[in-house]
Each structure stands twice: as structure tokens, then as C-alpha cells.
Amino acid sequence: MTGDPHTLAGAYALDAIDDAEERRLFEAHLDGCESCAAELREFQATTARLAMAAAEAPPPRVRERVLADIRHVRQLPPAVPDEEPERGAQVRTPRPKRWRRAAVAGLAAAACLVTAASVGVAVGERQRAARTEAAQREVASVLSAPDARSATGRATGGGTVAIVASASRGRVVVASSGLRTLPSSRAYQLWLIDAAGPRPAGLLPGDRDRPVVAGTWRPSDRLGVTVEPAGGSARPTTAPLVLLSPA
Amino acid sequence: MPPDTRPPGDGTLSGQDADALLQRTARGDERAFERLYDVVAAPVHGLVRRIVRDPAMSEEVTQEVMIEVWRTAARYDPRRGGAPAWIMTIAHRRAVDRVRREQAAGEREAAAGQGPGASHDPVGERVEARLEHERVRRCLGTLTRLQRETVTLAYYGGHSYREVARLVGAPPNTVRTRMRDGIIRLRDCLGVER
């Protein structure tokens, strides 16, 4: 069960996920998993009760200040969804949520995985235009798979790599942020590693904010990232910067 | 207990009242916001105090949270888990943010495993709030020790699950699972319904 995004629901409801990327991965998973979203609502209602149990009235001066301050604070307009979510849509289909402003949840989710800003819609639009629909579907299909497993790790030398793998889809989505820039003669190469050794699983694109679907995922696999010559290697030639195992 | 049986303004949260008030607040209704303040300020402040500890700083954070509620009320989506949950999430985030900023300057004492039983008991605490306090305390008591520790360290201590893992000496994945199991038990014990 380790790495199962479902186990993150508790930590998420407790606001105990400090890694923004991991949080976004979980939110991306929620978009495709209605039962998870429903469970999270119950969890958040539960943690709110923990707050109520700790209730302690603030001094009256806080009330006075707040009520005076709001006169000078303009309210945000509501987020207008591009598309109304359909109730009762199929669970596995990534569905747009009103609170997520993107038009297509799966794609936006993929974009949001790695976008530094929490609202990555504009970036998502550009990336969307640049990518083939098939690749987008593949990413979305992994993210919303009912057996999706995730893992996040910090890379040696800085940056974060996050993966979401699905055995039923046989795919793993890799997203990274903040990895140091390499000279043009070098590239980040992905490996899927099991008892038989590492299998090359492609290179991280130069535009590393873009999540990629790597290799053929098997449940016993770990994912490693190494620095290799620009064209990639047949076997890893350097020590992995990070090793992730979501299952 | 059904949330709508509580009288308003008693320092506890009726989910439905809070929802209605928040939706009116979103339309710029200052009166509704005032009432919302009276309903949620105590739980917000209590949570903030647990995490931040410093009284003056806690007041500032509570103030920030309530202004944030005013500012972003229109972004609240009732399908996300009720107004109290939404507001408490804002409060928790703000409190943790403040603590993390302060940590850069000086070390904060880890407030390990402080359940609601560790709260000071103001004389004027209202009956309903006390009942809620007792209910949650009793339900926390039904958790295993590790479940309770992980839940309270994260929620009242403001620690991330990785920090909690360090504090309790368990692997992060175990902590994630215990948190989830603990909340499920709490949910069932408290009779949280959606």
C-alpha cells in the first residue's frame, strides 16, 4: 500500500503535505476519482471538528480589527468554470471540477503537476497546444487510474521528481521541477529498475516542466533518474539522483 | 449529532449556518460576515493558537484568516466539504505558514502530541463548545496511540507527515496510513456525515 495516493487522503485532510508537488499530484488524482473526493470531504469535515474542539475565543479587539479591515478589502469574484461539471459521469473519466478552473481536468492536472504557480492554466494552455492529444490522454489516463500510485523524492543536487504509476495502465508519469540545468551535452535519463536491472525509459524533455509518460511500468519497478550523455545511454553511467518506488 | 440543532453564536459550528452565512458573505453582505465571524472565530483562533502558540502572533494570524475568508468567500465551493472545513483549512495553512516563516528566525518548540485536552479551559467557555471538546477528546481516545499521535501532531502541531514520521520514529508511509486510519476512526466515532 505504500505510495498509494489513497493513503495520502488523511495527510491531505490534516494539511500535512508540505510538498506542493505531492499535494498537486493528490489533487490531480482526486479529479479522476469521485469516491476519493467524497471521502476527502468527510475527512475534512472530521478534521474541522478537531478545530472546533480546540475553540478559544479571540480577544474582542480582533473582531473590531477584522470588521474594520474588510471595509478596505475587495472581494475576489467567483471562479467561473469553462464548463459545468456533469454529475454522474463515469468515475474513471477525468471530470472538470468547478473549483479547478481548468477546462479539462486531466490535462490541467498534468500541467499543474509541475507548474510552480498554483494556477497553471495559462501554462497549461500553451503546453496543451504543443502536445499531441494522444500524449495528453495517456497522462490523464495514468493520473486518474483507480490503481494509481505516487511517489515524490528530492534529487541529489536539488529539485524534485514525482511519479504516478498505474499497473493497470502499464504506464508511469514522471514530472520534475527545479532540477539543475544541464549543459547541452547532457540529459536526464529515466530508468525503470526491477530485479533484472535497469531498463532505459526515455529522457526528460528539455522543457522539464512537462510531465512525460515513461516506459512500460511493472508493479515491481522503481524509477531512477541519472545524468547521461545527451542522446541517452543503454545502461546508467552515473549514480541515480533519485530512486522512487510507489508500490 | 445533527449540526442544525445547535443554537447560533455559541462558539461551535453548525455546518449549514456557516454555509449560508459564507454564501451571503460572498455577495458582500457585511452583516452575514459579522455573524460568520461570531460562529467561526473561536475554532479558528483555537486552532491557530495550538499551532502558533504565541498569543500576539496568533491574534494576527486569526485576523489574517478572517480577512482571507471575506476576500475569497466567492471561491468557496460547497461540494468541497462544508464551510467550516473550508475555513479551518485556510486557518491551518495560514498558521503553518506563519510558523514556518518564524522557524527561519528561531527554533520553535515542538508541541508534541497535544490533544484538545491540553487546551486551557477559559471560565466562560460555552456549554456546547465544552461538549464538542469532550466528544472529540473521547473519540481521540478510541484511536491507537500512533494514530492519535500522528493526527494530533499534524493537526494541532502543524507538522507535515514527514516531520511527524521523524518525531514518532516511523516510516513516512506508515504515518500516512495511520493518519488515514485515525481519521476514519474519528469520522465514525464523531458520526460525521456528508
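The values are calculated or read from the model by the stated rules, or taken from the named source; none is laboratory data. Quantities reported herein were computed from a predicted structural model and do not represent experimental measurements. No Cβ is skipped: glycine too gets one built from the backbone with ideal geometry, and neighbour counts run over all protein chains shown. Please note that ligands, DNA and RNA were not included when accessible areas were found on the heavy atoms of the full protein model with its side chains. Shrake-Rupley method; radii C 1.70, N 1.55, O 1.52, S 1.80 Å.
Residues that are at the interface with another protein chain (Cβ under 7 Å from one of its Cβ atoms) and either modelled with pLDDT of 95 or more or over 16 Å from the mean Cα position of the chain (by Cα) (or both) within segment B:130-154 comprise B:V151, B:A154, listed in sequence order.
Residues are listed down the side, and each one gets a yes or a no for (1) farther than 26 Å from B:P172 by Cβ; (2) at pLDDT below 85; (3) of a type in the set (S, T, Y):
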site: A:R169; (1), (2), (3): no, yes, no
site: A:S176; (1), (2), (3): no, yes, yes
site: A:D194; (1), (2), (3): no, no, no
site: A:V212; (1), (2), (3): no, yes, no
site: A:T226; (1), (2), (3): no, no, yes
site: A:T237; (1), (2), (3): yes, no, yes
site: A:V242; (1), (2), (3): no, no, no
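Strands (runs of 3 or more DSSP E) fully within segment A:147-247 that include at least 1 residues being in contact with a helix residue (DSSP H, G or I) (Cβ under 9 Å, 6 or more places away or on another chain), open to solvent by 30 Å² or more (accessible area, probe 1.4 Å) and in contact (Cβ under 8 Å) with a residue 24 or more places away in the chain: A:149-154, A:171-177, A:212-214. Can you find a residue that is over 25 Å from A:E34 (Cα atoms), among the β-branched types (V, I, T) and in contact with a strand residue (DSSP E or B) (Cβ under 7 Å, 6 or more places away or on another chain) anywhere in segment A:166-176? No, every residue in segment A:166-176 fails to be over 25 Å from A:E34 (Cα atoms), among the β-branched types (V, I, T) and in contact with a strand residue (DSSP E or B) (Cβ under 7 Å, 6 or more places away or on another chain). With respect to the conditions (1) facing another protein chain (nearest Cβ under 8 Å); (2) open to solvent by less than 10 Å² (accessible area, probe 1.4 Å), A:R41 falls short on a single one, namely (2). Here A:S176, A:S168 are screened, and the one residue that is among the hydroxyl-bearing types (S, T, Y), in the same structural domain as A:V212 (by TED's automatic domain parsing) and over 17 Å from A:V212 (Cα atoms) is A:S168.
Taken over segment B:158-194, the criterion of being within 7 Å of another protein chain (Cβ to nearest Cβ) and touching a Cys at 6+ places or on another chain (Cβ under 8 Å) is satisfied by B:L186, B:L190.
The residues of segment A:6-20 include none that are more than 7 Å from chain B (Cβ to nearest Cβ) and open to solvent by less than 10 Å² (accessible area, probe 1.4 Å). Inclusion of A:E34 among residues that are buried (at least 21 other Cβ atoms within 10 Å of the Cβ) and either of a type in the set (D, E) or within 13 Å of the chain's Cα centre (by Cα) (or both) is not warranted.
One line per residue, one yes/no per condition, for (1) modelled with pLDDT under 95; (2) open to solvent by 30 Å² or more (accessible area, probe 1.4 Å):
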residue	(1), (2)
B:D29	no, yes
B:A32	no, no
B:Y37	no, no
B:V44	no, no
B:D54	yes, yes
B:E59	no, no
B:T62	no, no
B:E68	no, yes
B:A73	no, no
